[in-house]
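The values are calculated or read from the model by the stated rules, or taken from the named source; none is laboratory data. Everything numeric in this text was worked out from a predicted model, so none of it was measured. Ideal geometry is used to build each Cβ from the backbone, glycine not excepted, and the neighbour counts take in all protein chains shown.
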Amino acid sequence: MQALGLEVQALPSFAQLIGEEALIDKLAPVTPGQFLGRAHLDREIAGGAETYEGRSVMVTGAGGSIGSEICRQLLQLRPRRLVLFELSELALYTIEMELRQLLEGSDNPVEIVPLMGSMTEARLVRRALAENQIEVVLHTAAYKHVPMVEANPLVGLSNNVLGTQIMAREAKAAGVERFMLISSDKAVRPTNVMGASKRLAEMVVQDLASRSKTTIFSMVRFGNVLGSSGSVVPLFQDQIARGGPVTLTDNAVTRYFMTIQEAVGLVILAGSYAEGSEIFVLDMGRPVLIRQLAEQMIEAAGYTLRSAKNPDGDIAIKVTGLRPGEKLHEELPITKGRISTENPKIFCAAEKPLSEIEVATALRALREAVATGDEPAARAVITRWVEGYVPASETVVGQG
């Protein structure tokens, strides 16, 4: 109807008008993907089925937004066993119950194994891989929220880098066939600790890949996921439901987005393409202007934008300013030449790895910094070893 130039509005209830009820969306729930207009990868996922069918698969961070969607889609590919590795008790319980409900009444023989623990516990990881005869690992577990990791760099680096090193090392030792690290576009010339931690984790996996004769190591680097925990869509939905304002860091801020279904489709497909050391990237399309997304969500919820031109509107947008380590415009998740794959939506990034000695030196320094609680030393590690990393205090707003 917007294409026809027609304005669509929804009247609030009388209770809402007199302030006895909050301005809660009474229309159909907002579907994140409707704002992107991108095709799903659903029909293509079956092409990677042979990599997972009849196999014992472990998903780390299984209770997270990405991890849980990976588990849902893997069920369709009928693995022999699906091990849910998760630190959060509640998240693990929730995804286990959901998967068991999905299996009710079906002839799918997959065995669901919930496993609670931290990937930084090497003995636990080693035992889990051996006892469950794991053949494929999809490693999604990570601390991903930029402001949180920026404020807690030691925990973030320990989990994202040292935890990944333990998981990947033990997978190699256990003879796992395939190991895929779920990475981020924020690893490209990072301006924050989270992005730097993901790039260093990539280099750890690249190093193991160069020395592995049995395990196929690869990585998937993608952008922001609409609808995931902590992303703008659920944040904006909550703010709109409360009557606003919708908070925006900058009127000009843009981001590349994909839906959770797209991201998981890439992980599953790329996992079947991997031959070793690849960093896979999804065609991200065009960047999304976040202010425009906010305005569309306000309108989709049946409200009007309150502004200088429309002071009687329902929901206002409040600009709060960029946070430490945050970019105005993010770069595509690739720094140099791209290499095509058999799927036009997936390509590979050519990233220079560190040598085995350099990786060992970086990890040793990081372990020492974490063990002694030395935050400046931990930041010094990523400043030295992550190419292009510029600490938040040195970045210039608006630069990529």
(message) Quick check on this structure: which one of Ser218, Ser184, Ser212, Ser272 is within 28 Å of Trp385 (Cα to Cα), out of contact with any strand residue (DSSP E or B) (no Cβ under 7 Å at 6 or more places or on another chain) and small (Gly, Ala, Ser)?
(response) Ser212
(request) Please find, within the stretch 68-121, the residue that is modelled with the lowest pLDDT out of those that are among the charged types (D, E, K, R) and in contact with a helix residue (DSSP H, G or I) (Cβ under 6 Å, 6 or more places away or on another chain). (result) Glu69
(request) Just one of (1) modelled with pLDDT of 95 or more; (2) surrounded by 17 or more Cβ atoms within 10 Å (Cβ to Cβ); (3) within 20 Å of the chain's Cα centre (by Cα) trips up Ser65, so point out which. (result) (1)
(request) Would you please name the residue that is farthest from Gly64 (Cα to Cα), looking only at residues in the stretch 168-193 that are touching a Phe, Trp or Tyr at 6+ places or on another chain (Cβ under 8 Å) and assigned to a helix (DSSP H, G or I)? (result) Lys172
(request) With the condition kept exactly as written, say whether any residue in the stretch 225-239 is over 16 Å from the mean Cα position of the chain (by Cα), more than 19 Å from Gly61 (Cβ to Cβ), at pLDDT below 95 and acidic (Asp, Glu). (result) yes
(message) Based on this model, can you work out whether Pro245 counts as out of contact with any strand residue (DSSP E or B) (no Cβ under 7 Å at 6 or more places or on another chain) and not small (Gly, Ala, Ser)?
(response) no
